[in-house]
Number of protein chains: 2
Amino acid sequence: MTEKDSNPSTDMFEAIKWNSQGLVPAIAQDANNKRVLMMAWMNRDALAASFEKGEAVYWSRSKQRLWHKGESSGHIQKIIDIRLDCDADTLLLMVEQIGGIACHTGRESCMYKQYSEQDGWVSVEPALKDPKEIY
Amino acid sequence: MTEKDSNPSTDMFEAIKWNSQGLVPAIAQDANNKRVLMMAWMNRDALAASFEKGEAVYWSRSKQRLWHKGESSGHIQKIIDIRLDCDADTLLLMVEQIGGIACHTGRESCMYKQYSEQDGWVSVEPALKDPKEIY
């Protein structure tokens, strides 16, 4: 029995090109309306936990701990599909976004700022919910 | 006249949280079918050039130079919209993907590998064109 046979899941991690901090970017995309919701980071434990739970678990660089997305807001991301890119250094998660809100600002997506020469980067999307009601 | 008035474009860069290498991840999404096509990196010059050309220009970390996407393949990405996320550390480009191929492997999207316990990360999408015909 080869090592691969005894522990096939090892391959999941070995194939990935983790950066010098042991992380890869993970893009979350809404599986229904196809909006890009956010980008966060995963380490090996986060990816393993995401597969295990079927819900997005990231590595919080600010808190330096695993971050089960939605743990405090309830805005869990149920994983429909996980993809790895050609270079093996970026993950794409197709998710069902519970509550329809991915952003801590109460917006559907974190990708809500657009540049205007006059005003700089400004929000072009409304908050669906007051963050005070979420946290 | 304030500094802002004299050079408003400065704000575009100042607002962004560049990483320690002066880069931010930039996700390219197909504006028509909404597929996530790829993720690459931008520095200030790449972002400025992208706005100026209306076409995606990235910073190639492997070649350490500006990379006008499609410069050799013809698979230019015409920019429809550029978004910055809540944390100001990720960009999203909505693009018209010329040729319908974003990936150097000849696939529509770079996000084509799916994990299976038996085979590891394997391609689940066909190449639309032989890379030899592209480059």
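What follows is calculated from the coordinates using simple rules that are stated; it is not laboratory data. On a predicted model such as this, the values are computed, not experimentally measured, just so you know. FYI the Cβ positions are ideal-geometry reconstructions off the backbone, even for glycines, and counts take in every protein chain you see.
Structure above, values below:
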| quantity | calculated |
| --- | --- |
| Matching residues in the stretch B:21-49 - criterion: being facing another protein chain (nearest Cβ under 10 Å) and polar (S, T, N, Q) | B:Gln29, B:Asn33 |
| Condition broken by B:Lys78, with the remaining ones in (1) of a type in the set (Lys, Arg); (2) on the phi > 0 side of the Ramachandran plot; (3) touching a helix residue (DSSP H, G or I) at 6+ places or on another chain (Cβ under 7 Å) satisfied | (2) |
| Hits in the stretch A:91-122 (condition: more than 9 Å from chain B (Cβ to nearest Cβ) and free of Cβ contacts under 8 Å to residues at least 60 places away in the same chain) | A:Ile98, A:Gly99, A:Gly100, A:Ile101, A:Gly106, A:Ser116, A:Val122 |
| Test result for B:Tyr135, crowded, with 16+ Cβ neighbours inside 10 Å and of a type in the set (Ser, Thr, Tyr) | no |
| Enumerated strands (runs of 3 or more DSSP E) restricted to the stretch A:1-120, each holding at least 1 residues that are surrounded by fewer than 19 Cβ atoms within 10 Å (Cβ to Cβ) and among the charged types (D, E, K, R) | A:65-68, A:77-84, A:91-97 |
